[in-house]
Amino acid sequence: MEKIVLDSAIKFGAGRYRQEKGLLEECGKEIARFSKKAFLVAGPRAFDAVKEKLLPSLEAAGVDYVVDIYTGVCSFEAAKEYADRCLAAGCDEVVGIGGGKIMDFSKAVAETAGLGTVNIPTSIATCAAFTTMSVMYTPEGAKKTCWRFEHEIDAVLVDMDVIAKCPIRYTAAGILDAMAKKIEIQNGKPVMTLDDNKFDLFTAYKMAEYTYDVLEKYGPAAVEDNRHHKVTKALEDVTFINIAVTGVIANITKSFSQSALGHMMYDGVRTFFTQEAKDALHGEIVAVALFTQLYYNKLSEQKEQLKEFMRGMDMPLTLEELGVPCTEKNLKTLEDYLIDSPYVDPSPESLALLHEAMKQMQ
């Protein structure tokens, strides 16, 4: 399999991106570019998946390390606690190992400590490994804010052997999270033109349009290859799009305007239905919210095709399947949350359209 290695001076994401089979055995040399003593913050299952190859690699490269397992949410309070641990141990780089939550947390810890970040994602459920932003929550798990950084991530290192063994649910969720960019950038617009949009947003849209088409065509094959733990071109391509390309789309606009009702709905679900939807993945919540977004974009005729695509990958299709009872009260709670966002025009016509759009998640 051809190696994918990108060194980029453009601050759109990672200073260095590598994606290939067997990369864990070379991660020590990669991390040694930035660190003599690394602070490894990892999810428990993720660390179990990489430790047998990663730790000897670090030792062979002469990189000392401290391992700290984290199972909480990405909050400012936890980031401060772990940054203090990192600095007290004399570490000079934060290395995140895990899914989207850990990717965001590693960046927040590093930013708090004034250090750089190397991320080793163990799933492709989100582009969080690559983006120059962390989604921050309260200690209880409600959405608080987006913490945007003024610099790129030092490196993102993706071992395809690890990705191929990840549960397919995470791959499917990542595919829909990436496809969401096209639908959300259109927010309220059936058609996008350069004349009507800022150049950076329109550029992000054209990249998202390409991403959508590729994932729609090759996503199901990648999921099936993932199901059988096979590293194939389809899985390689989808991994690159889910992490790197989607990350660039977000970073072009510093995560402004490249997400809209889909991600705002995610924030609302996490804020108001923290326990009910605690087992739902980021991409799963965003995907169900896309039915609302399509209606708001006046493209409701595309709903059934998207639903059929999601059904083929065993994804949830309704708010109820996410764990949130689809009552009028709950829909009103989420609708009010969206109305207060910058993505909803306060005109009577727009609010009436949104009200009808909320029913698309039933």
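The values are calculated or read from the model by the stated rules, or taken from the named source; none is laboratory data. Given the structure is predicted, the values throughout are model-derived calculations rather than measurements. Every residue, glycine among them, receives a Cβ derived from its backbone with ideal geometry; neighbour counts consider all protein chains shown. Accessible surface areas use protein heavy atoms only, side chains included; no ligands, DNA or RNA. Shrake-Rupley method; radii C 1.70, N 1.55, O 1.52, S 1.80 Å.
For the stretch 125-140, a residue qualifies if it is in a loop (DSSP other than H, G, I, E, B) and within 11 Å of LYS107 (Cα to Cα), and the qualifying residues are ALA128, ALA129, PHE130, THR131, THR132. Taking the numbered list (1) at pLDDT below 95; (2) open to solvent by less than 20 Å² (accessible area, probe 1.4 Å) in turn, THR126 passes all entries but (2). Scan the stretch 141-166 residue by residue and report those that are in contact (Cβ under 8 Å) with a residue 12 or more places away in the chain, over 23 Å from GLU30 (Cα atoms) and not in a loop (DSSP other than H, G, I, E, B). Result: LYS143, LYS144, CYS146, TRP147, ARG148. Restricted to the stretch 197-224, and to residues that are modelled with pLDDT under 95, more than 14 Å from GLY247 (Cα to Cα) and aromatic (Phe, Trp, Tyr), which residue is most open to solvent (accessible area, probe 1.4 Å)? Filtering first and then ranking leaves PHE199. Of the helices (runs of 4 or more DSSP H) lying entirely inside the stretch 11-114, those containing at least 3 residues that are at pLDDT 95 or above and open to solvent by 10 Å² or more (accessible area, probe 1.4 Å) are 44-60, 76-88, 100-113. Among the residues of the stretch 129-182, those identified as of a type outside the set (A, V, I, L, M) and open to solvent by less than 20 Å² (accessible area, probe 1.4 Å) are PHE130, THR131, THR132, SER134, GLY141, PHE149, ASP159, CYS166, THR171, GLY174, ASP177, LYS181. The set of residues from the stretch 281-337 being more than 21 Å from ASN226 (Cα to Cα) and of a type in the set (Gly, Ala, Ser) comprises ALA289, SER300, GLY323. Kindly provide the set of residues from the stretch 167-193 that are farther than 30 Å from VAL231 by Cβ and in contact (Cβ under 8 Å) with a residue 60 or more places away in the chain, ordered by number. GLU184, ILE185, GLN186, ASN187, GLY188, LYS189, PRO190, listed by residue number.
Comparison of GLN293, GLN302 shows that the only residue that is open to solvent by 30 Å² or more (accessible area, probe 1.4 Å) and closer than 27 Å to ILE124 by Cβ is GLN302. Just a yes or no: is a residue in the stretch 222-229 out of contact with any strand residue (DSSP E or B) (no Cβ under 6 Å at 6 or more places or on another chain) and on the phi > 0 side of the Ramachandran plot? Within the stretch 222-229 (the criterion being out of contact with any strand residue (DSSP E or B) (no Cβ under 6 Å at 6 or more places or on another chain) and on the phi > 0 side of the Ramachandran plot), the answer is yes, since at least one residue qualifies. Of the listed requirements (1) among the β-branched types (Val, Ile, Thr); (2) over 21 Å from THR138 (Cα atoms); (3) open to solvent by less than 50 Å² (accessible area, probe 1.4 Å), THR274 misses just one: (2). Residues that are outside any helix (DSSP H, G or I), open to solvent by 20 Å² or more (accessible area, probe 1.4 Å) and in contact (Cβ under 8 Å) with a residue 24 or more places away in the chain within the stretch 318-338 comprise THR318, GLY323, PRO325, CYS326, listed in sequence order. The residue that is nearest to ARG169 (Cα to Cα), counting only those in the stretch 225-236 that are crowded, with 17+ Cβ neighbours inside 10 Å and over 19 Å from the mean Cα position of the chain (by Cα), is ASP225.
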